[in-house]
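The values are calculated or read from the model by the stated rules, or taken from the named source; none is laboratory data. Predicted model only: the values in this text are computed from it and were never measured. Virtual Cβ from ideal backbone geometry, glycine too; neighbours counted across all protein chains shown. Each accessible area value is taken on the protein alone, full model and side chains, heavy atoms only, with ligands, DNA and RNA left out. Shrake-Rupley method; radii C 1.70, N 1.55, O 1.52, S 1.80 Å.
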Amino acid sequence: QVQLVESGGGLVQAGDSLRLSCAVSGGTFRNYVIGWFRQCPGKEREVVAVIRGTRVVSYYANSVKERFIISRDNRKNMAFLQMNSLKPEDTAVYYCAATPTTGLPADYRGFEEYDYWGQGTQVTVSS
């Protein structure tokens, strides 16, 4: 079965950077769309960034554009989220998610579109 494990979260100061990692086992990694989501305190889970199997970036949330970078290494079956210039409002549990490419048009922006999820990693940004 497909399993995802996130790592790299922690407590940082505003303006700092963090790099989250997502290790994926099982399945065919190169055929999976990878999404990073976050759930801020008291809010619904929201998409942060999406990258397809071709490694073409498909989407960034407006709140993180020009600050976060999503990437993947298909040889290592890993995905990453580089987070720069962190703000207190970035505080959240961050989740890595994966789903097979269907061949149908899709934005992959909704959490309901993903079949596999990691357990999440906490990112806390203090002011």
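Per-structure values
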| read-out | value |
| --- | --- |
| Solvent-accessible surface (1.4 angstrom probe) belonging to K43, in square angstrom, nearest 10 | 130 Å² |
| Label-point separation in nm, S71 to V2, each point 7 Å along Cα→Cβ | 2.3 nm |
| Exposure rank, largest accessible area first [T28, T99; 1.4 Å] | T28, T99 |
| R30/R109 FRET efficiency (R0 30 Å; Cβ-Cβ; nearest 0.05) | 0.90 |
| Between the stretch 1-33 and the stretch 56-80, the alpha-carbon center distance in angstrom | 10 Å |
| Lysines whose Cα lies under 24 Å from that of K65, excluding same-chain neighbours fewer than 8 positions away | K43, K87 |
| Computed accessible area, E6, all protein chains, 1.4 angstrom probe, square angstrom | 20 Å² |
| Sulfur and carbon atoms: percent of accessible area, the chain [1.4 Å] | 46 percent |
| Summed side-chain charge close to F37 - residues other than F37 whose Cβ falls under 12 Å, Lys, Arg +1, Asp, Glu -1 | -1 |
| Solvent-accessible area per residue, Å², over the chain with all protein chains present [probe radius 1.4 Å] | 54 Å² |
| Computed accessible area, R109, all protein chains, 1.4 angstrom probe, square angstrom | 110 Å² |
| No Cys partner within the rule (Cβ under 4.7 Å), the chain | C40 |
